[in-house]
Each structure stands twice: as structure tokens, then as C-alpha cells.
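Structure record follows, encoded as C-alpha cells.
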Amino acid sequence: MSAWTRILAAILFVLLSPILAGLLAGLDRIISARMQSRIGPPLLQPIYDLLKLFQKERIAVNRSGHFFLLGYLLFTILAGIEFFIGGDLLIVIFALALASVFFVLGAFAAGSPYSHIGAERELIQIMASEPMLIMCAMGFYVATGSFQVTTIHAQPTPLIATLPGIFLGMIYILTIKLRKSPFDLSTSHHAHQEIVKGITTEFAGPYLAIIELAHGYETILLLGFLYLFFAPWPLLALAALIAVYFLEILADNTHARLYWQWVLRTSWAFTAIVGAGNLILLHYLQRGGTP
Amino acid sequence: MNAPAQTYSEIAPERLLEAANAQRAAGSRLVQICCSRLQHFELLYSFSRPHTIEHLRICIPDSRVALPSISSIYGGSFAYENEIHDLYGITFTGMNVDYQGHFFRTAIPAPMAVPPVCAAPAPKPNKPQPQKEPT
Amino acid sequence: MANRTVIPFGPQHPVLPEPIHLDLVIEDEHVVEAIPSFGFIHRGLEKLVEKKDFTEFTFIAERICGICSYIHGMGYCQAVETVMGLEIPERAKWLRTMWSELSRIHSHMMWLGLLADAFGFENLFMACWRLREGILDVIEETSGGRVIFGAAKVGGCRRDVPDDLLARIPAQLNAVEDELRAITNVFRDDFSVRQRLCGVGLLSRNDAYDLGAVGPMLRASGVAQDSRLDGYAAYDKIAVEPIVEESGDCWGRTMVRIREIYQSFDILRHVLPNVPPGPVDMKITGAPKGEFFARLEQPRGEVIYYVKGNGTKFLDRFRVRTPTFANIPPLLKMLQGCQLADVPVIVLTIDPCISCAER
């Protein structure tokens, strides 16, 4: 990739992701509404919401909290840029983890008991999802011999053929990352939870908008991860992404919220079985293939 | 109507614990405790077994008379006793859970301890009005 | 993380739109103690009885609660009628039975929705509330109102229901019931729902009885207590079997309420064709003198109305002991030692109607 295309990719990611994520969220809300026999909001509602949040008054509970939020947004964007310019997958994952930590710190800084518990639960969710992300990078490495997104993207055969387990694991943690039932522990899309809005309780107006924005970037980035599994066939990849997202909405609408213990237990077990299992098998097959 | 028989019996405040123990021994359930502010204060303790409801009536002249709590016999009675304390200002001694007057948040202490404004001729109009003070 | 924190729960809490405040003392997401306080919307309705004509007070009694409104009005009327020695017309008794069963169904369906909302199952919540509209439509057709419908009066009912309408209702109810089966199956069988309900908020039979639990709370702990057995209104001519579960957890309470909905459908199917002809109200002369405790079964459990009359139009004392109030001590007991995530579910399984308890 030339320097210019890299810059172009970065600019496109920064500009287009919020719009794309907004449309996706709008579609999500419409489909959820239809599943619940409702009409639902207009497609552009999440974008209207975001714009409106930016116009609201700035009420600061705690200044350092907002600094942490900016860190969350910045590092999510950096992770996304690194990914979409074809950079190092490990850097992407670490930047993303750092971003989540900034988010948690922001909630801890707010000092309300709801956001404290939300933050504790967010840490648990990070613990639940992070091993699978690292496993995913390892899987790509074992399959392609590189951590570079460009190399992984340029594979002639789709990686889904060799890494189906890793793909399933990624779908699983996507549910956690998208905050869908049964994993909407730290905060959920509606406030009907014992800890109110959990980690985002104390943020309002433009600060809440920053969180929404960062979440949008994160969603696009994670979908990018899934895209890599089908890279040689873009149309199939698109169909797979739509199917996965639909599955997430379906899970959201057919499950109750569960406990953090359950989430941690199952996601680690799932990671160990499908993720590690896939890696070991792949390693074994490659050794067998080239004695 | 095959409604259960209801009986009312008046007892002295000192015999409350004894009567509650007897009800408990008979397997009754505490249905409710009701306080009425007439010219005096009247408390009704209702106990129920499948086909009877018994009401024990206790009359006290004013809210400064402390009553024994029956929460050692019926664990759930603390809700009623705290309610009566907060709304009528009657003190119960020995409650298993005592919210110290913070169970019902009222703007004025003991708001229901005002005697009825009823237009009816009061049965005992000459009785001196007790001073209602939160205890 | 191991130090104690106090989490305020209510009176403005999105998962519990009821004016109760609970201070939850928690340790590592485990509730050590719950301290309640009430009085945020205490309206002094019991005191208001001293200034209102006893017949007019029916409307105030109906406004004690926004959900179980009808049974409040009816219970008050029943207590006054007993004090006055009135025997109301037979048709009025049957109509009262019909409306109280309709109230029970719509209250339980609303509760199922709220419970689903408490454990984060929005789809189920929407489905329950959508179906509940069908019952509200029936109430609207028969009485003109939807939730607070003012159909009770001292001496009978405020309006008659035409016979052809009574004949039409069973079909409407059957349609609702058919759709409801699909929803209640989810509550019974769904994996994630069972995870959230089974074994949560255990209340033993002895605790339930000692702490004075009423209604589905008591019945889910294995005590067969149902005030409808007392045979008020037309219940003396209808066989009502108390619905009992043995498990004593949130799931048991959910099951009791679900089975009660179907039981109410059965009762209605029996009541509707059998409403006898005749007048629905009677003339009232005189004023109540004496006292009486009326005991009725609300959707939330046993409710007590105490009326003390002095022979004038104004009562000396009117007292309601609502089921929610009686269920507060067991609730506090269940909250001790539960997980924070279970608090909304446990609070909801007593079907809290704090506005009722405040009066």
C-alpha cells in the first residue's frame, strides 16, 4: 500500500465510520422493533441523537473523567486507523484494550456507585473478551505467518476455511462488545437495569456523544476483523457480516441479561474450546502438511 | 357468603404479648395492625386462621403510652409498628427492626395523630386533648 | 472491591418506577442489607375519609392504586355494605366478580412484562404489554374506562353491561389466551429466563408465613391461602382452587401468577354466561354505623379494608392494608445476601405497588 492510499484509508475510516455505524445502529433499532411488533424509529435516528447530544449543555461531574473519555475516543480511532491502513494487528488489539481501560477509568473517576459497579463489570467484560481477540491475532499469524493486516488481507484463500473456530469465538465476543443481551452487563442500550446506565450513568450531553462515537468506531473495527475471514470474496464477506449482525440482534431479543460470573465462565470456556482448539488443530495440520 | 367469622375482643395493653403468644401457639397469621385516631388511640391487631379472623382491640388514651412490640413473636410486625410510629407517634418497645422514624418520610411528625375533623358529635367531647408530640 | 458501598435504589429508578427508596448496602455485588423508606407520595387518603361523604369516597378508594384500582373500590364498597347490612343484587355481585378477574388478568400480564424488563428481556416485555391491551379493550367495552374505570359504587355497580356484550367477551378472551400461551411458555422454558429466576430470592414456607407474606408470595412458598375462598361477591358460587407452588423462588412466584391468569380465564368463562338478570344497584338509605374488616384477594394478594362508621355520612376510620405493604418484610428478608443483579427481579416478584402501600 502506498503512503497516499494509506492516508486516504485513514481519512475514509475516520469520516465514514460514524455514518456507517449510525446507519447500522438505526437498522438494528428498526429490526429489533419489528421483532417486538413495534414500528421503531427512523433509520437516521441514532445520527440525530448523536448530533443532538453534541448540542447539549456541558455538565461536568469530574474533569478528569472527560480526559479519560477523550483517551477512549482517541485510542479507538488510532486502533481503527492502524487496522484500516493495513498495520500490525497486535498494535490494533493493544490500542483497543487501552481505549477500554480509559473508558473504565473515566467511569471510576465519576464517583457514582452506579458507574463504579458498571466500571467493575466493564473490566470483567474486557477480561472475558480480550483472550479471544488475542487468540484471533494468533490464529491469523499461524494461518498466514504475519500479523500485518495487508498480508492477511491478501491471502488467496479465505481464512474462514482454516479458522472456523476462531470466527465463532469472534462472533461470541462481538455480542459482548456490542453490549447485547445476554451480555449487556456494564451498560445496556436502555436504562432498565439495576445499575441504571451502568458505566455511562454519569456522562451526559457531548460526553455521552463521545462514548457513542467511540462505540461506533469500535463496532466498525470489529466488523473489519470479521471481514478479514472472508477477504478474497468481498460479496460473501458482506453477506456474512449482515448475517452475523442479524444473529446478534436475534440473540439480543431472545435472551435475558445474565450474570457476570456466567459471562466470564462461558466466554473463557468458549475461547478455550473453539479458539485454542482451532489453533492446535491448525498447527498440527500444518506440521502434518509440511513434514 | 361463607365469610369467616370475625370476633373483636378488647384487651389491656399489658396483656398484648401474652395474647399474641397465644395466637402464635394457635397457628394464626398476623394479618394487620391498624391504628385509629378517635378521641383516643385505638389499635386493632388482626390474626387469622383459615376460618376465623380475630381482632384484638387495645385502647390507649394518648400516644405517649409506649406499647410492647410483638415483632419477637411475629417477625413481620415491624413494618406495621414502624408505620404506626411514624404516622401516629406511638412508641413500640423492643422492635426487631427499628427505623427510628425513617420508615415513612413525612414532612410533619406524626401527621395522622390529629383527631378526626368529622362533623359527627364526638362521643367524649370533654376529654382533654393529649399533646401530640413525636416521641 | 471488598469494602461496603451503599447503592441507592429508587425512588426514581428506571427499573422500578415506584416511589420506594431502598438503600442497598453491598459488598462485592452481594447485598448485605436493604433499608427501605416510604412516604414520597403519601396522600393521606385514609384521613380524607373524615371529610368526604362515604358514597363519594368510593372514587377516592379507586384511586389508591392505578393498576388494581377496581378491587380497591369494590373492597371499600363491600366493607361499607356489610356495615350497613346491605345485600346487593345478585347481578351486581356477578359483574363485580367479572371485573375483578379482568383486573387480575391485566395486572398479572403487566407484571409479567415488568419482570421481563427487570431481567433485560425487552422483547418479552413488549409482547406482554401488547397482549394486555386486549384485556384493557374488554374492560373499556364493559365499563367505559381502561384502568381506573369507576364501575363500583356502594350498593352495586355504577353501570350495567348489556347481555349481548357479555356473550361476545369470551371469544375476545380466547383470542388473548391463545396468544398468551406462546409468551408464558417462554417464561417457563427459556434457558436464560430460568437462569435468572430459578433459585433466586428463596423464601421458605415458614418465613413466608411468619413474616406475613400474602398472595402469590405466600402461595409460591407452598401455603394455600386465597381470600377468594371466603366467598365474597359471587365467589361462593364458583370453585376457586388456590394455586400453589412449592419452590418458593422467583420462578415459583412467576408460575403462580401465570397459572392464575389461566385460572382467571376459566373463572370468566364460567361467570360470563351465568350473570343473572336483574338490577345492578340498590337505593341506599341511612349511614354506616359499626365496623368491619373486608378481606379480598387482589392480584398482589390479600387486601384488608377496615371501615368504622359512626352513623353519619362521614366515616371515622377507613384503613387499607395493601398486599404490597404486607410483603415488605419478606422482601427485605429475601434481599439479604442476594446478588445486586437479582435485586430488580426480587423486588418485582412481590409485584410492588408502592403507591398502594402509601395511600
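The values are calculated or read from the model by the stated rules, or taken from the named source; none is laboratory data. Note that this is a predicted model, so its numbers are computed, not measured. Because the Cβ atoms are built from the backbone with ideal geometry, glycine has one as well, and the counts that use them run over all protein chains shown. These area figures cover heavy atoms from the full protein model, side chains too; ligands, DNA and RNA do not enter into them. Shrake-Rupley method; radii C 1.70, N 1.55, O 1.52, S 1.80 Å.
How big is the convex hull of the Cα atoms of region C:137-184, per residue, in Å³?
Hull volume normalised by residue count: 92 Å³.
Find the sum over both chains of the accessible area lost when A and C are paired, probe 1.4 Å, and report it in Å² to the nearest 100. Can you show the working numbers first?
On the way: alone 14050 and 14170 Å², together 25600 Å².
Looking at A and C, the buried total is near 2600 Å².
I'm checking a number: the convex hull volume of the Cα atoms of chain C, normalised per residue, in Å³. What is it? Spell out each step's value before the answer.
Numbers: hull volume 43.6 nm³, N = 359.
So the per-residue hull volume is 122 Å³.
Place a point 7 Å from Cα of C:Gln172 in the direction of its Cβ. Which residues in region C:138-160 have their backbone N less than 12 Å from it?
C:138-146, by backbone N distance to the label point.
Can you give me the accessible area per residue for chain A, using a 1.4 Å probe, in Å²? Provide the component values of the computation, followed by the final result.
On the way: 12700 Å² over 291 residues.
I get 44 Å² per residue for this part.
Using square roots of five times the C-alpha gyration tensor eigenvalues, list the equivalent-ellipsoid semi-axes of chain A in whole Å, biggest first.
On the way: eigenvalues 194, 91, 76 Å².
Taking √(5λ) for each Cα gyration eigenvalue gives 31, 21, 19 Å.
What's the carbon and sulfur percent of the protein assembly as shown's accessible surface, probe 1.4 angstrom, rounded to a whole number? Can you show the working numbers first?
On the way: 18470 of 29640 Å².
Of all accessible area on the protein assembly as shown, carbon and sulfur atoms account for 62 percent.
R0 = 60 Å: FRET efficiency of A:Ile59 with B:Arg64, Cβ-based, nearest 0.05? Don't skip to the answer; put the middle values down first.
Details: r = 50 Å, r/R0 = 0.83.
For A:Ile59 and B:Arg64, the calculated efficiency is 0.75.
Using a 1.4 Å probe and counting only protein heavy atoms, arrange C:Lys313, C:Lys52, C:Lys289 so the residue with the most accessible area comes first. Walk me through the intermediate numbers first.
On the way: C:Lys313 105, C:Lys52 75, C:Lys289 145 Å².
Most to least solvent-accessible, the answer reads C:Lys289, C:Lys313, C:Lys52.
Do any residues of region C:178-213 show a loss of at least 50 square angstrom of accessible area between the isolated chain and the full protein assembly, using a 1.4 Å probe, and if so which?
Correct list: C:Ser192, C:Gln195, C:Arg196, C:Tyr209, C:Asp210.
Pull up all non-local amide H partners of C:His21: gap of 5 or more, or a different chain, and H-to-H distance under 5 Å with H placed in the peptide plane.
C:Ser37
Just to verify a number: what accessible area does C:Asp160 come out at with the full protein assembly present, 1.4 Å probe, Å² rounded to tens?
Near enough 80 Å² of accessible area.
For the pairing of chain B with chain C, what total accessible surface becomes buried, with a 1.4 angstrom probe, in square angstrom to the nearest 100? Write down the numbers at each step before the final one.
Values: alone 7860 and 14170 Å², together 18210 Å².
Chain pair B/C: roughly 3800 Å² of buried accessible area.
When chain C is modelled as a GNM with alpha-carbon springs shorter than 10 Å, which of C:Ile284, C:Ile267, C:Ile135 fluctuates the most?
Looking only at C:Ile284, C:Ile267, C:Ile135, the largest GNM fluctuation is found for C:Ile284.
Based on alpha-carbon centroids, what's the gap between region A:223-256 and region A:115-187 in Å, whole number please?
Measuring centre to centre over Cα atoms gives 13 Å.
Below 8 Å between Cα atoms, with a sequence gap of 6+, how large is the relative contact order for region B:5-110 in percent? Mind dumping the intermediate values first?
Numbers: 189 pairs, mean separation 26.0, N = 106.
It comes to 25 percent, rounded to a whole number.
Pick out, in residue order, every one of the GluC sites (Glu not before Pro) in region C:87-126 that is DSSP loop and has at most 16 other C-beta atoms within 10 Å; say none if there are none.
Numbers: sites: C:Glu87, C:Glu90, C:Glu101, C:Glu122; in loops: C:Glu87.
Loop-located and lightly packed - C:Glu87.
For B:Phe47, what accessible surface area do you get with a 1.4 Å probe? Give it in Å², rounded to 10.
B:Phe47 has an accessible surface of roughly 0 Å² with all protein chains in place.
Averaging over every viewing direction, what projected area does the convex hull of the Cα atoms of the protein assembly as shown cover, in nm²? Numbers along the way, then the final one.
On the way: hull surface 151.2 nm².
The Cα convex hull of the protein assembly as shown, projected and averaged over all directions, gives 37.8 nm².
Per residue of region C:225-239, what does 6.51 cos²θ - 1.76 cosθ + 1.60 with θ = phi - 60° give for ³J(HN,Hα)? Whole Hz please, x for Gly and Pro, Karplus curve as stated.
10, 8, 5, 5, 5, 5, x, 6, 6, 9, 5, 6, 9, 10, 7
For a test of the definition: using alpha carbon positions, the gyration tensor, and the 1.5 limit on a/c, classify region B:14-93 as rounded, prolate or oblate. Can you show the working numbers first?
Numbers: a/c = 1.85, a/b = 1.62, b/c = 1.14.
Verdict is prolate for region B:14-93.
Can you give the accessible area of A:Ile273 in Å² (nearest 10), computed on protein heavy atoms with a 1.4 Å probe?
About 120 Å², ignoring ligands and nucleic acids.
Within a 10 angstrom radius of each residue's Cβ in C:229-239, how many Cβ atoms of other chains show up on average? Whole number is fine. Show your work: numbers first, answer last.
Numbers: counts 4, 7, 4, 3, 1, 0, 2, 3, 0, 0, 0.
What the average comes to for C:229-239 is 2.
Given a Förster distance of 56 angstrom, what is the FRET efficiency for A:His283 paired with B:Ser72, based on the Cβ-Cβ distance and rounded to 0.05? Write out the running numbers ahead of the final one.
Details: r = 69 Å, r/R0 = 1.24.
Computed FRET efficiency for A:His283 and B:Ser72: 0.20.
On average, how many beta carbons from a partner chain sit within 10 Å of the beta carbon of a residue in C:47-57? Present the calculation step by step, with values, prior to reporting the outcome.
Details: counts 7, 0, 2, 8, 4, 0, 0, 0, 0, 0, 0.
The per-residue average across the peptide is 2.
For region C:188-257, state which trypsin sites (Lys or Arg not before Pro) are in a DSSP loop and have at most 11 other beta carbons lying within 10 Å of their beta carbon. Mind showing how you got there, number by number?
Details: sites: C:Arg188, C:Arg194, C:Arg196, C:Arg205, C:Arg219, C:Arg228, C:Lys237, C:Arg253, C:Arg257; in loops: none.
Of the trypsin sites (Lys or Arg not before Pro), not one in the loops of region C:188-257 has a Cβ with at most 11 other Cβ atoms within 10 Å.
So which residue, out of C:Pro89, C:Pro277, C:Pro36, gets the largest mean-square fluctuation from a GNM of chain C using Cα contacts under 10 Å as springs?
The residue with the greatest mean-square fluctuation here is C:Pro277.
Determine the relative contact order of chain C: mean sequence separation of Cα pairs under 8 Å and six or more apart, normalised by residue count, in whole percent.
Numbers: 695 pairs, mean separation 91.9, N = 359.
In percent, rounded to a whole number, it is 26.
Hey, got the Cα dimensions of region A:209-291 along the principal axes, in Å, largest first?
54, 36, 26
Would you please give the residues with an amide H less than 5 Å from that of C:His13, counting only those at least 5 places away or on a separate chain, with H modeled from the backbone geometry?
Long-range HN contacts for C:His13: C:Glu18.
Can you give the Kirkwood hydrodynamic radius of region C:1-146 from its Cα pairs, in Å with one decimal?
On the way: mean 1/r = 0.0543 Å⁻¹.
The Cα-based Kirkwood calculation yields 18.4 Å.
Can you list the lysines whose alpha carbon is less than 18 Å from that of A:Lys177, not counting same-chain residues fewer than 8 positions off?
Cα-Cα hits under 18 Å: A:Lys197.
Please work out how many pairs of lysine residues in chain C are eight or more positions apart (or on different chains) and have Cα atoms closer than 19 angstrom.
Total qualifying Lys-Lys pairs in chain C comes to 21.
Taking each residue in A:35-44, count the Cβ atoms of any other chain within 10 Å of its Cβ, then average. What number comes out?
Working: counts 4, 8, 5, 3, 0, 0, 0, 0, 0, 0.
Counting Cβ atoms of other protein chains within 10 Å of each residue's Cβ and averaging gives 2.
Could you state the accessible area per residue of chain C in Å², with a 1.4 Å probe and every protein chain left in place? Each step should come with its number before you reach the end.
Values: 11000 Å² over 359 residues.
Dividing the accessible area of chain C by its residue count gives 31 Å².
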